[in-house]
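All remarks here apply to the structure that follows.
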Amino acid sequence: MKIGVIVGTTRRTRFADQPAAWFMELASSRTDMDFELLDLRHFELPFFDEVASGASAPTQSEAGRRWQEKLAEFDGFVIITAEYNHGPPAVLKNALDYAFVEWLRKPVAFVGYGAVGAVRAIEQLRQIVNNFEMMPIRTSVHIQGGDFIAVAQGEKSLHDLTYLPPLVTRMLDELSWWARALKVAREATVTA
Ligand SMILES: Cc1cc2nc3c(=O)[nH]c(=O)nc-3n(C[C@H](O)[C@H](O)[C@H](O)COP(=O)(O)O)c2cc1C
């Protein structure tokens, strides 16, 4: 099972690198899934300017096609996200808009960080991924409150937050089940 781990922010001084590295370290102990980091910085997607959604027309932009080809390799995703003004970062929404069939009927799990652990952004993402018939995993991981601030200010490390790894395990157990189940179902289905 191949899982793409999407880093949902791109700004130069982003915090995202810390949860991304921490998550990848925890995930690397799994034997049921292989994880690959997909950093939106490396895909340089322009603001969406296609004739239609990827559901109805082939994507013209080369960067968009490269993104779609990469996504097609995966059986599921983990999105690591911040919350910008109570919603998902625009670069992440743009990246979601750039694909359709590559997301279709795959599971997606969420790791959020921020004052409230990006819980509002993640609830919006759950609604958005419905349009791809994705399965949003029930358990999500939230790095929040005083602990988020302490890590962001260098007073603590994510490794100090020992209550989080059991949640990561639970979330990945659920992701693994759905990734396997939906892979079988997709392969048994002739039409997308
Ligand atoms: C444009 C902008 C909007 C933000 N809005 C929120 C918000 O609604 N809720 C929140 O908890 N934090 C908010 N923050 C603070 C972020 O949680 C914090 O800056 C975090 O580090 C952003 O992720 P990043 O560093 O990976 O870009 C906002 C930050 C930015 C830059």
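Nothing in this text is a laboratory measurement; each read-out follows from the coordinates by a stated rule. Values in this document were obtained by computation on a predicted structure and should not be read as measured data. A quick note on method: Cβ atoms are made from the backbone with ideal geometry, for glycine too, and the neighbour counts reach across all protein chains shown.
Once the other residues with Cβ under 13 Å from the Cβ of Asp17 are scored (Lys, Arg +1; Asp, Glu -1), what is the net sum?
+2
Among the trypsin sites (Lys or Arg not before Pro) in region 101-187, those located in a DSSP loop and surrounded by at most 11 other Cβ atoms within 10 Å of their own Cβ are Arg138. Its Cα centre serving as origin, the chain has a Cβ charge dipole (Lys and Arg +1, Asp and Glu -1) of approximately 220 debye.
Taking only the Cα atoms of region 2-188, the radius of gyration and Dmax are 15.9, 51 Å. Judged by the gyration tensor of its Cα atoms, with axes a ≥ b ≥ c, region 24-89 is oblate; a/c meets the 1.5 cut and b/c is at least as large as a/b. The region of the chain that goes longest without hitting one of the GluC sites (Glu not before Pro) in a DSSP loop, each with at most 13 other Cβ atoms within 10 Å, is 74-132. Ranking of Ile79, Ile143 by neighbouring Cβ atoms within 10 Å, starting from the fewest: Ile143, Ile79.
Considering only DSSP beta bridges whose two residues both sit in the chain, what percent are antiparallel, to the nearest 5? Each step should come with its number before you reach the end.
Values: 1 of 23 bridges.
Here the antiparallel bridges make up roughly 5 percent for the chain.
Across the chain, the mean sequence separation of Cα contacts (distance under 8 Å, 6 or more residues apart), normalised by length, yields a relative contact order of 23 percent. In the chain, helices alone account for a calculated mean residue ellipticity at 222 nm of -12000 deg cm²/dmol, with every DSSP H run of four or more residues adding -39,500 (n - 2.57). By the beta-carbon count within 10 Å of each Cβ, the least crowded to most crowded order of Ser28, Ser176, fewest first, is Ser28, Ser176. Given the options Ala16, Asn130, Gln144, identify the residue whose Cα lies farthest towards the positive end of the charge dipole of the chain (+1 on Cβ of Lys, Arg; -1 on Cβ of Asp, Glu). In the chain, that residue is Asn130. Between Leu38 and Val5, Ile6, Val7, the built amide H atoms are under 5 Å apart, and every one of these is 5 or more places off in sequence or on another chain.
Considering only Val51, Ser157, Met171, and ranking their Cα positions along the charge dipole of region 28-171 that arises from unit charges at the beta-carbon of Lys, Arg, Asp and Glu, the one farthest toward the positive end is Met171.
What do you get for the angle between helix 119-130 and the principal long axis of the chain? Use alpha-carbon atoms, 0 to 90 degrees, nearest ten. For 119-130 against the chain, the angle is about 20 degrees.
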